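S.K.: Below is a structure I'd like to ask you about.
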Amino acid sequence: TMVINLAPKSVLENAVINERDILEGLGLEYVHIPVDFKDPTEADFERFCEAIRGQDSASLWVHCAANMRVSAFTYRYRTQVLGEIPETAVRDLHQIWEPVGVWKTFITG
């Protein structure tokens, strides 16, 4: 019932033209949180948490250009909001990538 896009508007790789219009036309809610890959912020994470609060995970799709943003946001949500132990959630994160630099700092909050 909801799609969250974490890619900035400037990312054209894997982009769907008029994504909002298409999804809303299908009756789905569309949330765009344009996360700068070089500078993910606490405000970005707060918007993400607010958007998915109360959503059934089975009816939620989160995407970006290469799923690096998605895996980091999802890892952080699982560990900091849902209270999952990091050792469990990190396996899914590492299937996509191992965050470094600002992303390593971001996932620890």
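The values are calculated or read from the model by the stated rules, or taken from the named source; none is laboratory data. The model shown is predicted, which means the values in this text are computed figures rather than measured ones. Neighbour counts run over all protein chains shown; Cβ positions are idealised from the backbone, glycine included. Accessible surface is based on the protein model in full, side chains and every heavy atom, while ligands, DNA and RNA are left aside. Shrake-Rupley method; radii C 1.70, N 1.55, O 1.52, S 1.80 Å.
S.K.: What pairs come out if I take residues in region 74-99 that are β-branched (Val, Ile, Thr) and pair them with residues that are at pLDDT below 95 whose C-beta lies under 6 Å away, six or more apart or interchain?
M.R.: Within 6 Å, the pairs are Ile96/Asn67.
S.K.: What residue, of Val11, Val3, is open to solvent by less than 60 Å² (accessible area, probe 1.4 Å), at pLDDT 95 or above and under 18 Å from Phe73 (Cβ atoms)?
M.R.: Being open to solvent by less than 60 Å² (accessible area, probe 1.4 Å), at pLDDT 95 or above and under 18 Å from Phe73 (Cβ atoms) holds for just one of Val11, Val3, which is Val3.
S.K.: Could you pull out every one of the helices (runs of 4 or more DSSP H) wholly within region 1-97 that has 2 or more residues that are among the charged types (D, E, K, R) and within 14 Å of Ile107 (Cα to Cα)? Explain how you work it out, then say what you get.
M.R.: Details: elements: 19-25, 42-52, 68-76, 86-96.
Passing ranges, in order: 42-52, 68-76, 86-96.
S.K.: Further, regarding this structure: Is it the case, given these coordinates, that Asp36 is more than 20 Å from Met2 (Cβ to Cβ) and either in contact (Cβ under 8 Å) with a residue 40 or more places away in the chain or of a type in the set (Asp, Glu) (or both)? Full working, then the answer.
M.R.: Numbers: more than 20 Å from Met2 (Cβ to Cβ): yes; either in contact (Cβ under 8 Å) with a residue 40 or more places away in the chain or of a type in the set (Asp, Glu) (or both): yes.
Yes: the conditions hold for Asp36.
S.K.: Just to be sure I understand the filter: pairs with C-beta atoms under 6 Å, separated by 6 or more residues or on different chains, first member in region 48-67 and more than 17 Å from Leu82 (Cβ to Cβ) and of a type in the set (Phe, Trp, Tyr), second member open to solvent by less than 80 Å² (accessible area, probe 1.4 Å) and part of a strand (DSSP E or B). Which pairs pass?
M.R.: From region 48-67, the pairs are Trp61/Val3.
S.K.: Follow-up. Which ones in region 48-88 are touching a strand residue (DSSP E or B) at 6+ places or on another chain (Cβ under 8 Å), surrounded by 17 or more Cβ atoms within 10 Å (Cβ to Cβ) and more than 15 Å from Pro99 (Cβ to Cβ)?
M.R.: Phe48, Ala51, Ile52, Val62
S.K.: Right, another one. With respect to Ser71, determine if the residue is closer than 19 Å to His32 by Cα, out of contact with any Leu (no Cβ under 7 Å at 6 or more places or on another chain), of a type outside the set (D, E, K, R) and free of Cβ contacts under 8 Å to residues at least 40 places away in the same chain. Walk me through it before giving the result.
M.R.: Working: closer than 19 Å to His32 by Cα: yes; out of contact with any Leu (no Cβ under 7 Å at 6 or more places or on another chain): no; of a type outside the set (D, E, K, R): yes; free of Cβ contacts under 8 Å to residues at least 40 places away in the same chain: yes.
So Ser71 fails the test.
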